[in-house]
Each structure stands twice: as structure tokens, then as C-alpha cells.
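Beneath this line is the structure, given in C-alpha cells, with notes to follow.
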């Protein structure tokens, strides 16, 4: 199964378009193999979900994509350009990352939204800022709010808007709703859906079976740092029954 | 200068014996309060006492020398020792190298400045401090010791704060920010943390404390006003060398902690 998908991979790389591609990528830290020889092609459109048990390397996969870490071996490419030929900071601007926790900067919401563009010497107008708030369904008067006084859900939405301020082509989300209440989760999922419709590629790590069903178009199923399966969400839920799928989401036994 | 006369030595022997009573008191207090530092206290005093006695005997020889190169050689040795001591506080790789570069560069730079003649009065070259072992060695030693303490504070603060703000630093990086920018606020705070204790000591100068160098000179029979001026000079030397050392250790450390691709080396915090 793995060998076969790798062969497909090679064929696709020969000339054909490869929007986001991993070729034999491994990531090893302190002699722990977190990502184990992954080869995969991810579409440039739609919402791709990354699922799998805890410790299967999902977050590491996103960090590799944002290049917060570099692959130990193998090659990652974006639009057929190898990662090591793209200036790292430019790449990060194009591929935004929303972490599991918001990690906002001091002090106001506006400070956070303007942070990214300021790196590139761009200043945002009031209209730009309000547009960003609209995208994450936050009231306009939030601009001057101290981020410390926001709820967890509001903070996470600010963190999404902060990434969007960079105008990314691709947005990576690492379990963005895992710490949120149902209402905030719904708002954020709507935001994500809208972004995808606007043409931003979404890659989301999720722990929730329901969220996977609601949100994603394709699925990558990771286990022990390997891809077990790459399929459309529909197919996935067709192929396996509820009980089997719940098993996939179960925490991995501790080493 | 030569060894002290015999009667003075006997007197001093009694003095040190009696002062050991104070060490006993410290150890007892530590035992009573369960601080668990009895061994550390005893060992560091014994070690420190032997070291400083050796140093004193060497000084007797060195003070005879007027060769600046040898004096600077002695300072260099002190820098190596200071860097080694600083390193032991951190269970991380390459700290010795960073501390050695920072302490040596900062201290020697300032020592060169203060011993370079600026003008001549009656054909005698005048520099900020006298170009003699009796000045260069103790004052240099004070500078080096203080740079060591200040750089250690900066490192401690940096490591703690970067560990604490790892998420925020990576948030900045993930937006495309440079590693340097992502830690700028943390770096600034650590510089302040390193500088403030010395700055406070300067602020209370003369009112709350008569600091070491001035006391020493007064005990040695120097006019208090001259001693006071030297005290101000030594503080300026400490602060300038300390500041340079802090900036150097900060820069070197950040360089050590990030890859050339603006990635935080997380594994650095978990050395094998």
C-alpha cells in the first residue's frame, strides 16, 4: 500500500503539477523518529484534514510545512519549488500557521493584526483591520482591546486573523478548536469554510471525528509518523464504520 | 613589597581562626533552617580561602612586574576561570565558549581603554587608572567578576523567558519574523535584569554603602576622596564592561539557539 502510493507519487512529480508535496520526508529529533519517510501530494484547493492518534506526528507535519522545523531527510516542495530554494521567511508568510493555543503578542488586538504586515513594511488601514475582524466574526470595537481580556475563543480568532493579515495562500491550523466551547468552535469552523471558499488552502489537524466530517474534503491519516491513508472524507466515512474510526482517534499507548 | 613581618602573620592567624567561628555559625544556621547548604558553605569557603591565598602570594610577585603584557596575561587567566565558573551554572552545551568570548572581550576592552594614556602631564603619561599591577589586577578582577555575574543573570533570564515564551516566539517566526526580532523584547528585559543590580549599587553609593574598592583603599591608608573617585571609576568600568558583555552573550546565545533558517532549536533545551 505504501509502496504503491509512493509510485503514484513519483509519476505525479514527473512534470505534473505538485502543489504541496512531501517526498520521502523524515523528521528525527533526539533519535526519535517523529515523521517516518512520508511521501504525499496535497491538493491546492479545499480543506485537508490531518487525523491520527496523539503522538502520531500531526503537529510536526504542520511545523514542517511552516518550516518551523526542517526535514531531517527528504524533500518538501510548494508549487514544484523545493523548500530549500524558497527564502524561509517568505515561505512562512505564504503558509500561515495557527497553533493550538493562540500565543498572542502584547498588547491590543490591533498590535497582533498589524504584526505580520509590519515585518514586510506594510501598514494596514482601518478598513483592512475591520475586514480581518469580519473574517473571524469579531466586533469592530475589539481592535483596541487588550488581548489579555479576551476569552479563549476570541483569542483564538484573533490568532487566525493575525495569520490572515499576511494574506497567506495556505493556512495551517493545529487543532484550533480543541480548547474552545461549542459556540466558538462553530464560529471558527464557519470562518475556515469561508476562507476555503475564498481560495485559501486549509490544512487542519483535528482530534474531533465530528469536525472532520463537518469540515474537511480530504483526509490524511497519520499513525506513528507514517501516512496510513489518503482519501476523500466521504470515502473515508463510507469505508470504515463509526467504531473503527473511533479506534483511529484513540490515544496511542504510551511508550 | 614583600611578605608581611612575622608578628603580623601570627596576628592574622588568630584573626582567621576566630573568623572561622562565623563560618560555624553559618553552617549551624543552615543546619537549623534545613537549607542543606552546609557542605556548599564549608567547601566554598575552604576553596575560596585557598584560592585567594594563592592569588595573594602570586600578587606579591606580579606587583613587582610592570610589564603590561604579563598583567594582561593574568587578567586573561581570570577570564578563563570566570567563564568556567559561569558555565557550571548551566547544563547546556557551548556555554563556556559563549561566556569566555563575552567576558574576555568586554573586560579586556575596558581594561585597555582605562590603561591607555590619554595625555601627559610633566612628561608622565596619564591614563584613567594607573598602569601598575596594584591597580590593574584588583580592578581588572572586579570588572571580570562583575561581568561574569551580569552575563550569568542575562543568560539565566534569557533561558527562562525563552522557555516560557516558546509559543509566542514561534508565533512570531511563523508569521515570517526574524529570529532576532522574535526575541527582541525578551533580550531587552534580560539586559535590564543584568544591569539593574549594579545600577542600584551606584545609586546608593556613599549613603547606604561604602563599597569594596573604596573600603579597601581607605583601610590601606589612601585619602578617602581619592578612594571615592576610584570607586566611581570602577563602577563605570564595571557597568560599561558589563553592558558590553551582556550584549555579547545575548547575541551569541541567540545565534546559538536559532538555526540559520530562523528556527528555534528546541532540542537545545534538552541536551543529551
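Throughout, read-outs are computed from the coordinates displayed, never taken from laboratory work. These numbers were taken from a predicted model, which means no experiment stands behind them. Methodologically, a virtual Cβ is constructed for each residue, glycine included, from the backbone with ideal geometry; neighbour enumeration extends over all protein chains shown.
State, to one decimal in nm², a quarter of the convex hull surface area for the C-alpha atoms of region B:121-272, i.e. the direction-averaged projected area.
Its Cα hull, projected and averaged over all orientations, spans 12.9 nm².
Determine, from the Cβ-Cβ distance of residue B:201 and residue A:146 and an R0 of 35 Å, the FRET efficiency 1/(1 + (r/R0)^6), rounded to the nearest 0.05.
0.45
Over the Cα atoms, compute the radius of gyration (one decimal) and Dmax (the largest Cα-Cα distance, rounded to a whole number) for the protein assembly as shown, in Å.
31.2, 100
Determine, for B:262, B:161, the number of other Cβ atoms within 10 Å of each Cβ, and report the residues in order from fewest to most.
Details: B:262 21, B:161 18.
Listing B:262, B:161 from fewest to most nearby Cβ atoms yields B:161, B:262.
Which angle between 0 and 90 degrees, to the nearest 10, do you get for helix B:38-62 versus the longest principal axis of chain B when only C-alpha atoms count?
60 degrees
What span do the alpha-carbon atoms of chain B cover on each of the three principal axes, reported in whole Å from largest to smallest?
Result, largest extent first: 71, 59, 36 Å.
Looking at the square roots a ≥ b ≥ c of the eigenvalues of the Cα gyration tensor of region B:154-227, which shape do they give, rounded for a/c under 1.5, prolate if a/b is larger than b/c, or oblate?
Because a/c hits 1.5 or more and a/b exceeds b/c, region B:154-227 counts as prolate.
Once you put a point 7 Å from the Cα of residue A:179 and another 7 Å from the Cα of residue B:210, both along the Cβ direction, what distance in nm separates them?
About 5.6 nm separates the two model spin labels.
Residue by residue through A:157-167, how many Cβ atoms from other chains fall within 10 Å of the Cβ on average? Can you show the working numbers first?
On the way: counts 0, 0, 1, 0, 0, 3, 3, 0, 1, 3, 0.
So the per-residue partner count for this stretch is 1.
Under the definition of partner shielding as Cβ atoms of other protein chains within 10 Å of a residue Cβ, what is the mean value for peptide B:162-174?
Going residue by residue through B:162-174 and averaging, the value is 5.
Please say if region B:1-154 is rounded, prolate or oblate, where rounded means a/c under 1.5 for a ≥ b ≥ c the square roots of the C-alpha gyration tensor eigenvalues, and otherwise the choice is prolate for a/b larger than b/c and oblate otherwise?
Oblate, because a/c is 1.5 or more while a/b does not exceed b/c.
May I ask for the angle, rounded to the nearest 10°, between helix B:95-115 and the longest principal axis of chain B, with both axes built from Cα atoms and the value confined to 0 to 90°?
With rounding to tens, the tilt is 50 degrees.
Compute the FRET efficiency between residue B:38 and residue B:113 as 1/(1 + (r/R0)^6), taking r as their Cβ-Cβ distance and R0 = 45 Å, and round to the nearest 0.05.
E between residue B:38 and residue B:113, to the nearest 0.05, is 0.55.
For peptide B:175-188, how many partner chain Cβ atoms fall within 10 Å of a residue's Cβ, on average?
Working: counts 19, 18, 8, 3, 1, 0, 3, 0, 0, 0, 2, 0, 0, 0.
The per-residue average across the peptide is 4.
Taking the number of other C-beta atoms within 10 Å as the exposure measure, put B:38, A:110 in order starting with the fewest.
B:38, A:110
For a footprinting-style exposure proxy, rank B:134, A:206, B:115 by other Cβ within 10 Å, fewest first.
Going from sparsest to densest Cβ surroundings: B:134, B:115, A:206.
What residues of region B:49-68 lie in the reach of a label at residue B:124, counting those whose backbone N is under 18 Å from a point 7 Å from the Cα along Cα→Cβ?
Flagged as within label range: B:66-67.
Just check region B:1-64 against the gyration tensor rule for me: Cα atoms, a ≥ b ≥ c as the square roots of the eigenvalues, rounded for a/c under 1.5, and otherwise prolate or oblate depending on whether a/b exceeds b/c.
The shape class here is oblate.
Can you give me the angle between helix B:224-257 and the longest principal axis of chain B, using Cα atoms only, in degrees from 0 to 90, rounded to the nearest 10?
30 degrees
At 222 nm, what value in deg cm²/dmol follows for chain A if DSSP H runs of at least 4 each add -39500 (n - 2.57) and the sum is divided by all its residues, to the nearest 500? Please list the in-between numbers first.
Working: 10 runs with 100 residues, N = 255.
It comes out at -11500 deg cm²/dmol, rounded to the nearest 500.
Would you work out the relative contact order for region A:102-209, in percent, from Cα pairs under 8 angstrom that are 6 or more residues apart?
30 percent
Measuring from a point 7 Å past the Cα of residue B:236 along Cα-to-C-beta, which residues in region B:97-141 have an amide N at less than 15 Å?
What the label zone holds, given the 15 Å backbone N cut-off, is B:110-119, B:126-130.
Taking the Kirkwood radius as the inverse of the mean 1/r across Cα pairs, report the Rg/Rh of chain A. Intermediate results must be reported in sequence, preceding the final value.
On the way: Rg = 18.3 Å, Rh = 18.9 Å.
We get a ratio of 0.97 for chain A.
Just subtract the alpha-carbon distance of residue B:65 and residue B:77 from 0.36 nm times their residue separation and send over the number in nm, one decimal. Before the final figure, lay out each step's value.
On the way: separation 12, 0.36 × 12 = 4.32 nm, distance 1.66 nm.
Stretched fully, the residue B:65-residue B:77 segment lengthens by 2.7 nm.
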